[in-house]
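> Below you'll find the structure I mean.
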Ligand code: SAM
């Protein structure tokens, strides 16, 4: 798909470039914030799967820059931390860490940045593993990432704090809702207008962190496992059927975020035009993406292919071609 055609078919892709966001996902966080006010009155915030950085840009524009404008003293300035497996180009007011958010060493590194002795008020995660196209597998992997984020929360989130994470609304997400409800007083499934209706993607907005009494982070897998066991349906003889029941604890409210005047991400919109010096209406040229990936996987593949070519070895493409012509 060409840039102009994508601009037409994806209004949020075009708007992201016009407004200087690194990815269209920025609108998802903006719309979630417009409905839930999650960025209000927060000081310490962690963006768990942050690259290329559009959610961190939202944090910078909605939290850091207004605080800087007010001229707050250093000790009152917000601490905004972004972590990702991928490297990330700098963003004003954001401290970036490269690494795996599921590693305890990285969790400790995050905590070390909160010098005020206060934990995080908000943890956000738009993380996604590489999608395979096998829906059950993708949903399972996404659920694991949400639970990994929850694990991080048990170490770094302050009581009363908020956790927002991307979820795939598959057949077993009821279990996830009920597990999250063990730790948060309010869990909502939010679907921003900028997330396509055709996609099973949504976001869990978990508010008022309050772990079970006496809870220690080491207890997490036991607590989650017990919850899962309690939801497995049994046959008349008490044998687990392997399917989830839907007790009332796992029913969560559903909120569409973005207001009725927000653009519909499943619609095509006309491209913006301008009138040239001859009075002719012309389509505005398509803009380039705001921040090209710093270390894309294809760069590594290209480097490997180049190294092979230089060493005289055959590239994967050449081998495939030879194989195809032999048949
Ligand atoms: N919110 C980002 C933005 O607005 O620019 C987009 C996030 S992108 C959809 C998903 C990111 O999750 C990828 O950059 C990927 O590297 C990251 N990710 C996946 N698993 C991770 C992990 N275990 N630790 C850190 N980052 C992870």
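> Over the chain, with a Gaussian network built from C-alpha contacts below 10 Å, which listed residue (308, 79, 229) shows the highest mean-square fluctuation?
308
> GNM, the chain, Cα, under 10 Å: largest mean-square fluctuation among 198, 25, 56?
Per the Cα network of the chain with a 10 Å cutoff, 198 tops the list.
> Right, something else. Sort 74, 218 so that the residue with the fewest other Cβ atoms within 10 Å of its own Cβ comes first and the one with the most comes last.
Working: 74 5, 218 8.
Final ranking by Cβ density, sparse to dense: 74, 218.
> I want to check the label-to-label distance for residue 275 and residue 219. Put each point 7 Å from Cα in the C-beta direction and report it in nm to one decimal.
7.0
> Under 1.5 on a/c is rounded, so check that first for the range 17-115, then, if it is not, pick prolate when a/b is larger than b/c and oblate when it is not; a ≥ b ≥ c are the square roots of the alpha carbon gyration tensor eigenvalues. Before the final figure, lay out each step's value.
On the way: a/c = 1.63, a/b = 1.10, b/c = 1.48.
Because a/c hits 1.5 or more and a/b fails to exceed b/c, the range 17-115 counts as oblate.
> Right, another one. For residue 310 paired with residue 103, estimate the spin-label separation in nm (one decimal), with each label point 7 Å from Cα along the Cα-to-Cβ line.
Inter-label distance under the simple model: 2.8 nm.
> Given contacts defined as C-alpha pairs under 8 Å and at least six residues apart, what's the relative contact order of the range 159-213, whole-number percent? Intermediate values should be presented prior to the final figure.
Values: 87 pairs, mean separation 29.1, N = 55.
So the answer I get is 53 percent.
> Further question: Between residue 251 and residue 237, what length comes free when the chain is fully extended (0.36 nm per residue of separation minus the Cα-Cα distance, one decimal in nm)? Before the final figure, lay out the partial values.
Numbers: separation 14, 0.36 × 14 = 5.04 nm, distance 2.72 nm.
Answer, rounded to one decimal: 2.3 nm.
> As a footprinting exposure proxy, order 180, 48, 147 by other Cβ within 10 Å, with the fewest listed first. Numbers along the way, then the final one.
Details: 180 23, 48 27, 147 18.
Taking fewest neighbouring Cβ atoms as first place, the list is 147, 180, 48.
> Give me 152, 290 ranked fewest to most by other Cβ atoms within 10 Å of their Cβ, as a rough exposure proxy. Display every interim value, and only then the final one.
Values: 152 25, 290 19.
Ranking 152, 290 by Cβ neighbours within 10 Å, fewest first, gives 290, 152.
> What FRET efficiency would be calculated for the residue pair residue 140, residue 112, taking the C-beta separation as r and a Förster radius of 41 Å, to the nearest 0.05? Show your work: numbers first, answer last.
On the way: r = 33 Å, r/R0 = 0.79.
Plugging the Cβ-Cβ distance into 1/(1 + (r/R0)^6) gives 0.80.
> Find the relative contact order for the chain and round it to a whole percent, using C-alpha pairs within less than 8 Å whose residues are 6+ positions apart. The partial results should precede the final answer.
On the way: 523 pairs, mean separation 60.4, N = 327.
RCO, the chain: 18 percent.
> Follow-up question, since we're still on this one. Residue separation times 0.36 nm, minus the C-alpha to C-alpha distance between residue 318 and residue 5: what's the value?
Details: separation 313, 0.36 × 313 = 112.68 nm, distance 3.24 nm.
Length difference between fully extended and current span is 109.4 nm.
> Suppose R0 equals 35 Å; then what is the FRET efficiency for residue 75 and residue 301 from their Cβ-Cβ distance, rounded to the nearest 0.05? Please report the intermediate quantities before stating the final value.
Working: r = 46 Å, r/R0 = 1.32.
Calculated value: 0.15.
Values in this text are rule-based calculations from the coordinates and carry no lab data. These numbers were taken from a predicted model, which means no experiment stands behind them. As a convention, Cβ positions derive from the backbone with ideal geometry for all residues, glycine included, and neighbour counts pool all protein chains shown.
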